[in-house]
Every structure is written in C-alpha cells, then in structure tokens.
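Quick note: the coordinates plus some simple rules give every number you see, no bench work behind them. Keep in mind that this is a model prediction, so the values were computed, not measured. Quick reminder, even Gly has a Cβ in these numbers, built from the backbone with ideal geometry, and neighbours come from all protein chains shown.
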Amino acid sequence: MNDIPKKGKVYLVGAGPGDPGLLTLRGKLLLERAEVVVYDYLANSKLLNHAPAEAELIYVGKKGGGLHAMPQEEINRLLVEHGASGKRVVRLKGGDPFIFGRGAEEIEELVKAGIAFEVVPGVTSATAAATYAGIPITHREYTASVAFVTGHEAPGKEESNVAWDKLATGAGTIVVYMGIKNLPIIAQKLIDNGRSPDTPVAVVRWASTPQQRSVVGTLATITEVVQKAKIGPPALVIVGEVVKLRESIDWYEHRPLFGKRIIVTRTREQASELVSKLEEYGAECLEYPTIHIEAVDEADSQVLNAALANMLAYDWLLFTSLNAVTYFFKRLHEKGLDSRALAPCKIGAVGKTTADELGKYGLRADLIPEKFTGEGLAEALIAAGEAQGKRFLLPRALKAMETLPEMLEDAGGVVTVAPVYQNVPPQGRKEELRTELSKGEVDLITFTSSSTVTNFLTMLDAQDEQELHHLLEQVKIAAIGPVTAETVRKHGLQVDIQPDKYTINELTEAIVGHCRPGLSV
C-alpha cells in the first residue's frame, strides 16, 4: 500500500452500494486520514464515522429525480479548491466512481488544475443489487455476457448513444442504472428490438441496505409491477433469464429480522456488538444512546484510590459490568500500576461478557455465577463459603442497586463500594426520537439496563402515561434481564422479550425467536 501524503491530494473513493461493510480497506484508511470529506446522497452516512472528528464534512446531494444539493460544476470547484489548499480530500461517491458516477469528469478538472489524485474502486451498484436480490448476473446455463447501461436519458431522443437495436439481443443480462423514470420506454425499446416480452425482469431499490425492496415481472409487465409497488429511485433494473434464479437463491430479504426497525438504547461505546448482531439478521437499527459513560470526578475517586494503595486488604475483587472493568483499569494505570497489583485477590465476574473483558488485561475470573446478575454473584459466593469474614472490593457505577453488597454483608462479609464511573443522560435528539416513533414504523426497542429504560423515557419526554402508551402502542420491548424488565414494568409498560441468560447473544437470539418462531439461529 502506498504511503499517504500529508497534504494536497484528492481521493475519489467508491463508497459501495449502501452497506457500509462493503467499503474497501483502502477507502476506510483514506477516510481515517481525511481532512475534508465531500459525500453524496448514495454514500451511507455511517461511513462518515471513519473520518476524524475534526474533518470538514461537505454534503453535495446528487439525489435522483433532478434534486441536486449542488451542481456538478460546483462540486468540481470544491475539490479543486480544497486540494489546492494542501488538504487531504476524500470524495466519497456511491458505488464505483467510474461507473455512471461522473468520477472521470471530476478527475479531469483536477488534472487541469494540477491537483494530485487517486481513484479507489468501489463495489458497483449493479453487481450488488443483483447479488443482494439473489440474482447471479452471469451463469453458464443462462448467459456468459452482461451489459451495464444508463437509463438516465430517454432512449428515444435523437442524441441517445445507447444502441438499443444491438443491446436488446446482444447481451444475456442487461443491468440498467437510473432506469426507473424511463422504465416504460426502456422495456418497450428492448421488446421492439427483438427481446421477448416474457423476459424476466427484476427491479431492486436501495440494494444492500435494510430498506432494500425487490420486485419481479417481465418486460411486458414490469412497469405495472413497479408502479403498483411504488418503487422509486434509487433502483436498478436487471433484465435476463438469470432473474429466474431469484426464486431459489434469494438470501438477503429472507433473513429473519429483515424489514424490522429496532431502536437500540445502549451507550454509543457499547452498542456496536448488539447492532452488528441485529443487522446480521437483517434488522435496521436506529441508535439512540440513552447513557453517556464517564469517569467519576476526583472527589468520588478517593475510595478507589485508597483501595488501590492497599490491595492486600481484600480477598475478592468483584466486577458487575464491562464499564466497571474499563474504568477500574483506567484508574489503576493512572496510578502507575498494572494487573500485578491485583495478585492478592480472587476475582468474581457477573457474567461471561464481563469475564471476557477481564481477559484483555490478562486476568481470568475465579468465579462466574450461573445467573448473570449481582444477586446471582452474591448467591454463588455465599454458596461457595466465600462470604463470612471475607473482604470485598466492588468497583461500580456511582449510582447502582445495593442488592450485591447488602447480601454479602448480611452473610458476614465486608464490602467496600468504590465508584469508578457514572451514567450521564446524553442531550438532544428528543424531537427526532418522537418523530420516529410517531411514524409508527418502529417494531422493537431494546433495553440492556435499568438506566437505559429510565433515560430513554426521560429523552422521550411524554407528557403523561396516555401519550407514552400512544407513542409505544405498536412497539415491542426487549429487556436483557429481570432487573431491567422490572424497571420497564414499573413505568407501566409491557416486556415482550426477555432471554433466559442475560447476554447480548441471548438477547439477539430471543428477538429472532420472537419475530420468527421456531427458527434456530
């Protein structure tokens, strides 16, 4: 891989068809180094998360149907201007920059201005639309040729450079970009030039995204099918016998959570695991973090500071969350210590996920309860005879349930509660959340702690119980465990999904099982 200059270069990066996971590694690297990102309508906004926080983000639109946020000439000028100023500029373009993307025109302007450039290919929408619709655009039993053509111009106009008389029967599969507006003309042109009216046709909208919709017809019927289904741009048209294979190998739209819109309320730092698992099963995740995690202030850190100076005083070190592990070790390292300072202690973890997090610091939990709750951890310690006369250090949130320390103290243990982090409700996005729920298109909300429930309802800011129930009337609720579920019920809401084990994996599987009963995942 070539070294990336620090200054003065424009990179045209293919963003792929919509799924942010289809960005190339080269594209990701360039985004991470970008000082300016110029992006359009078809580039998934999640890709902007790869850019540095200080990068300048410029939206230039280019939406189908003639609604352009910025004319192409102005986009060219922007690229030249920022490149000439000595900045690293990423021009993020949907699909591939050189396939009906006007990328060559932008490069020509850079060449005229003497601006250094690089082009990074992307997964083109044609292959992605077909693949995600379960259609192989070539197949040795059907066709060995494929043609890409733009449908943006009306085929009947005098200056058209599409040779429909040759194209109609000259390629086994024809993929038409930007063809929805002119679909009736395109279909008729193909028929008039020798293609059978019974030729299968598929139209795929928003390919590779959770909003993907596919419809199938023939050249004779596809216009009516599209109009009835209200399919609009962006969409691709696939013409050919290979469309028949969709019946047997359609995979993307058959995933168990496809079409489900799920609100994830976990902290932004911890939501990625849940989101990735839900998206893998086809869900569209709307992230509304209801908790911002930060370290406690110095005054509240004094208990932990004293404990770290005298770890010999403790028999057990107990962790009840990932955040407790993260912020405990952050403070440990700030004090110039490492895991060796914990040698005198046995370690208890509330569950497997927390235990796995300890493994990142070279530690293995001595005890993990069968029931992944604070109560379960206390019960396991008591049953093992590890409570009476034992001394426990419990790093945890500033505000937390007292069940664990109270149970251990009642059993004869001595517990030092040391706050290491605090939950702070994030600000903003209230109106966006209320609007999303008001549209009635959200299927499910996930809650992974009592704090997410409380802060979500605070963010929602319903005027009364009647408005709350109206906003959530058609929305199912998934709670990760009994404590979280109880908090949901205390607010007068119903829990529809609760896993037997209180982990992200189990929660995901419970959601799939609820939405697709009998399906094994």
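Helical content alone sets the calculated 222 nm signal of the chain at -9500 deg cm²/dmol, taking -39,500 (n - 2.57) per DSSP H segment of four or more residues and averaging over every residue. Across the options Leu342, Ala295, Phe328, the greatest Cα extent toward the positive end of the charge dipole of the range 294-424 (unit charges at beta carbon of Lys, Arg, Asp, Glu) belongs to Leu342.
Assuming charge only on the beta carbon of Lys and Arg (+1) and of Asp and Glu (-1), the dipole of the range 294-424 about its Cα centre is about 420 debye to the nearest 20.
Semi-axes of the equivalent ellipsoid for the range 198-338, computed as √(5λ) from the eigenvalues of its C-alpha gyration tensor and ordered from largest down, come to 56, 14, 10 Å. The modelled label-to-label distance between Lys501 and Arg140, using points 7 Å beyond Cα along the C-beta direction, is 4.4 nm.
Computed about the Cα centre, the dipole magnitude for the chain is approximately 1020 debye when only Lys and Arg (+1) and Asp and Glu (-1) carry charge, each at its Cβ. Its residue count N sets the reference 2.2 N^0.38 Å, and the alpha-carbon radius of gyration of the range 294-424 equals 0.95 times that reference. From the largest down, the range 1-149 spans 54, 31, 25 angstrom on the principal axes of its Cα atoms.
Computed from label points 7 Å out along Cα-Cβ, the spacing between Leu25 and Glu108 is 3.5 nm. For percent of Cα pairs over 38 Å apart, computed directly from the structure shown, the correct entry in [x] 27; [y] 44; [z] 39 is [y]. Of the peptides 14-23, 389-398, 355-364, 482-491, the order by per-residue mean of other Cβ atoms within 10 Å, starting with the highest, comes out as 14-23, 389-398, 482-491, 355-364.
In this structure, Glu81 and Tyr361 have a Cβ-Cβ separation that, at R0 = 51 Å, corresponds to a calculated FRET efficiency of about 0.60. From most to least packed by mean Cβ count within 10 Å, the peptides 76-83, 304-311 give 76-83, 304-311. Among 107-114, 202-209, the peptide with the highest mean count of other Cβ atoms within 10 Å heads the list, and the full ranking is 202-209, 107-114.
Over all orientations, the range 127-254 has a Cα convex hull whose mean projected area works out to 7.0 square nanometres.
Normalised by the number of residues in the range 294-424, the mean separation of alpha-carbon contacts (under 8 Å, six or more apart) gives a relative contact order of 33 percent. With an 8 Å Cα cut-off and a minimum separation of 6 or more residues, compute the relative contact order for the chain in percent. Relative contact order, the chain: 10 percent.
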